[in-house]
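**Student:** For reference, the structure I am asking about is given below.
The values are calculated or read from the model by the stated rules, or taken from the named source; none is laboratory data. Since we're looking at a predicted model, the values are computed, not measured. Cβ atoms come from the backbone with ideal geometry, glycine included; neighbour counts cover every protein chain shown. Note: areas computed on protein heavy atoms with side chains; ligands, DNA, RNA excluded. Shrake-Rupley method; radii C 1.70, N 1.55, O 1.52, S 1.80 Å.
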Amino acid sequence: MEDKKRVLHFELTGNIGGIESFILNLYKNIDRSTYKFDFITTSETPVYKDELETLGGRVFQVPIYKDIWGYTREIKKIIAANNYDIIHIHKNSSANIIPAIIAKKISSAKIIVHSHNTLPTKGRLSGLLHKINRSYLYNVADEHLACSNIAGKWMFGDRKYEVIPNGVDTSQFLFSTEGRKKIRSEFGIPEDAFIVGNVGRFTEQKNHRFIIDIFESLLGIKENAYLILVGTGELEDEIKERVKKKCIAKKVIFTGKRNDIPDIMSALDVFLMPSFYEGLPIVAVEAQANGLRLCLSDTIAKETDIFRDAKWIDLAEDMSNIANKLNSITYISQTERLKRCQEFSNSIYTIKNTVNKIRILYIQPDTKYRIT
């Protein structure tokens, strides 16, 4: 058997989100001659499956959580059949603690619980289960991680945890003049246009309705503005219809899924993210790695504002006020964008820093925060 530390990650979904991006970035950049990753998913089409398998990982599909017996049985089989050193559980809430219970009972692996968000992804029941299960999940885990302080408070309350920022590969997100021209040419956007953009799933959390309303108000004071929305999701058709009803379809571009996000970032002038809740959104970190300015809702972790020059908005604020904040963000020259990229590369938000912190936790023989 390979002499590598074996790590099991819970769990991949069928949507590109913060957890999925974090896991992929981690596996791409960690020393794969030392670590071998496996992944659990309940999705028939887990994102990044091909990429993770190409890197040497294995993706195990188990029944959905509603089939609680099948879900539990298959997870037990996978953990029992492999001599895992670490079981790394990535969570948006503590609603589902079955993986942690199984890991504790049948494995000697170090258990890491890693908080990535500030609300459960679905429903009131998830919120209730989160409150009930939170203390148990904390006690089961050997290490307690969070992508931001707000995500740590959400998952662990006043107990101790370590914040490890969601780092990105700065070399992939450098501002590109060529990329800026390419995207603007593809969508027929003038070179002197002011482009607002968002990259994210079309879900309630991401608040696309609000994005459309803000942009409509912005057009009233900035006629050369355009909006680019990247992603797909269950609310996509509704948002497209909202754009049509407001008669602003010529100014709003829906790109669907894209594999050239750095080029799209380069084409933008500001990244707008009025989410209802976030831990520390990787996509906003990526935007800043590209030198972009941010406009964020005040429900997002303050650590997200790496350059300390984001425009913060209250979701109850008057639309005209928000539009004026967007309008006050001036064009950043190519030289300034590249300067910001360099400044970002010296921050703690690089993938190199993130991987180093995770590596130290993985090799550490004694636990750091375990309650006695």
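**Student:** On the given criteria, is Tyr48 at positive phi and open to solvent by 30 Å² or more (accessible area, probe 1.4 Å)?
**Tutor:** yes
**Student:** Just need a number here: residues in the stretch 103-133 that are basic (Lys, Arg) and under 22 Å from the mean Cα position of the chain (by Cα).
**Tutor:** Of all residues in the stretch 103-133, those basic (Lys, Arg) come to 104-105, 110, 122, 124, 131.
Subset that is under 22 Å from the mean Cα position of the chain (by Cα): 122.
Number satisfying all stated conditions: 1.
**Student:** Another one. Restricting to the stretch 68-123, and then to whatever is outside any helix (DSSP H, G or I) and without any contact (Cβ under 8 Å) to a residue 12 or more places away in the chain, can you tell me which residue is surrounded by the fewest Cβ atoms within 10 Å (Cβ to Cβ)?
**Tutor:** First pass over the stretch 68-123, keeping only residues outside any helix (DSSP H, G or I): 82-97, 107-122.
Adding the requirement that they be without any contact (Cβ under 8 Å) to a residue 12 or more places away in the chain leaves 108, 122.
On the way: Ser108: 9, Lys122: 13.
Out of the qualifying residues, it is Ser108.
**Student:** Taking helices (runs of 4 or more DSSP H) that fall entirely within the stretch 270-348, which contain at least 3 residues that are open to solvent by 20 Å² or more (accessible area, probe 1.4 Å), more than 19 Å from Ile212 (Cβ to Cβ) and free of Cβ contacts under 8 Å to residues at least 60 places away in the same chain? Outline the logic, then answer.
**Tutor:** Numbers: elements: 282-289, 319-327, 334-345.
Where helices (runs of 4 or more DSSP H) fall fully within the stretch 270-348 and carry at least 3 residues being open to solvent by 20 Å² or more (accessible area, probe 1.4 Å), more than 19 Å from Ile212 (Cβ to Cβ) and free of Cβ contacts under 8 Å to residues at least 60 places away in the same chain, they are 334-345.
**Student:** For the stretch 206-234, which residues satisfy the criterion of being part of a helix (DSSP H, G or I), surrounded by fewer than 21 Cβ atoms within 10 Å (Cβ to Cβ) and of a type in the set (A, V, I, L, M, F, W, C)?
**Tutor:** Taking the stretch 206-234 first, the residues part of a helix (DSSP H, G or I) are 206, 208-219.
From what's left, surrounded by fewer than 21 Cβ atoms within 10 Å (Cβ to Cβ): 209-210, 212-213, 216-217, 219.
Across the stretch 206-234, the qualifying residues are Phe210, Ile212, Leu219.
**Student:** Taking Lys28 and the conditions (1) part of a helix (DSSP H, G or I); (2) within 23 Å of the chain's Cα centre (by Cα); (3) under 22 Å from Leu137 (Cα atoms); (4) not hydrophobic (A, V, I, L, M, F, W, C), which numbered condition does it fall short on, given that it satisfies the others?
**Tutor:** Of the numbered conditions (1) part of a helix (DSSP H, G or I); (2) within 23 Å of the chain's Cα centre (by Cα); (3) under 22 Å from Leu137 (Cα atoms); (4) not hydrophobic (A, V, I, L, M, F, W, C), the odd one out for Lys28 is (3).
**Student:** Additional query: Within the stretch 184-205, does at least one residue satisfy the condition of being closer than 30 Å to Thr335 by Cα, open to solvent by 30 Å² or more (accessible area, probe 1.4 Å) and in a helix (DSSP H, G or I)?
**Tutor:** In the first step, residues of the stretch 184-205 are kept if they are closer than 30 Å to Thr335 by Cα; the result is 184-200.
If we keep only those that are open to solvent by 30 Å² or more (accessible area, probe 1.4 Å) as well, we get 185-188, 190-192.
After this cut, where a residue has to be in a helix (DSSP H, G or I) as well, the list is 185-186.
Yes, the stretch 184-205 contains at least one residue that is closer than 30 Å to Thr335 by Cα, open to solvent by 30 Å² or more (accessible area, probe 1.4 Å) and in a helix (DSSP H, G or I).
**Student:** Any residue at all in the stretch 304-325 that's touching a Phe, Trp or Tyr at 6+ places or on another chain (Cβ under 9 Å) and among the polar types (S, T, N, Q)?
**Tutor:** Within the stretch 304-325, not a single residue is touching a Phe, Trp or Tyr at 6+ places or on another chain (Cβ under 9 Å) and among the polar types (S, T, N, Q).
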